[in-house]
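Q: Here's a structure for you.
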Amino acid sequence: MATQFSGGHPNGYQGSCSEANLVTFKYDPFGRRIYKSSSSATSVYAYDGDNLVEETNNAGGVVARYEQTQNIDEPLAMLRSSATSYFHADGLGSVTAFSNSAGSIANTYTVRLIL
């Protein structure tokens, strides 16, 4: 099974996956992800200044909407499939969890340093 790299963030990040699960990312000149494509879906991201506000599919249909705090690049909530999720961040501002509207943790993320 071959491994391919696609995308490539201006700061050096690249994703790794098998050919069957290849994911392609595109970034604008400011380093913001504007496009993500895989065999299952394509997402196009829209920004208001530095803040992500909307995700659409390849046909232009809205997939998700995002609400920000008053700080730059600090997400507060996401509305996807009629369900609202709330972002939780660590002391560095990295999103580490989502909670649902009832306040229960719905998903957690681990941040790893890759050298």
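The values are calculated or read from the model by the stated rules, or taken from the named source; none is laboratory data. What you are looking at is a predicted structure, and each value in this text was computed from that prediction instead of being measured. Counting neighbours? That spans all protein chains shown, and the Cβs are built from the backbone with ideal geometry, glycine included.
Q: Let me spell it out: the conditions are (1) exposed (fewer than 12 other Cβ atoms within 10 Å of the Cβ); (2) at pLDDT below 90; (3) under 29 Å from G103 (Cα atoms), and S82 meets all of them except one. Which number is the exception?
A: Status for S82: all satisfied but (2).
Q: Quick one: count up the residues across the stretch 70-79 that are surrounded by 13 or more Cβ atoms within 10 Å (Cβ to Cβ) and within 14 Å of G49 (Cβ to Cβ).
A: 3
Q: Among the residues of the stretch 54-83, write down those that are touching a Pro at 6+ places or on another chain (Cβ under 9 Å) and in a loop (DSSP other than H, G, I, E, B). Lay out the reasoning, then the answer.
A: To start, the set of residues in the stretch 54-83 that are touching a Pro at 6+ places or on another chain (Cβ under 9 Å) comprises 66-69.
Hit for the stretch 54-83 is T69, nothing else.
Q: May I pose another question? Restricting to the stretch 84-95, count the residues that are more than 18 Å from Y45 (Cβ to Cβ) and in a strand (DSSP E or B).
A: Selection size over the stretch 84-95: 4.
Q: Against the condition modelled with pLDDT under 90 and of a type in the set (A, V, I, L, M, F, W, C), how does I72 come out, does it pass? Don't jump to the end; show me each part of the working.
A: Numbers: modelled with pLDDT under 90: yes; of a type in the set (A, V, I, L, M, F, W, C): yes.
It is true that I72 is modelled with pLDDT under 90 and of a type in the set (A, V, I, L, M, F, W, C).
Q: Sticking with this one: Would you mind stating whether N51 is over 14 Å from the mean Cα position of the chain (by Cα) and surrounded by 11 or more Cβ atoms within 10 Å (Cβ to Cβ)?
A: The answer is no for N51.
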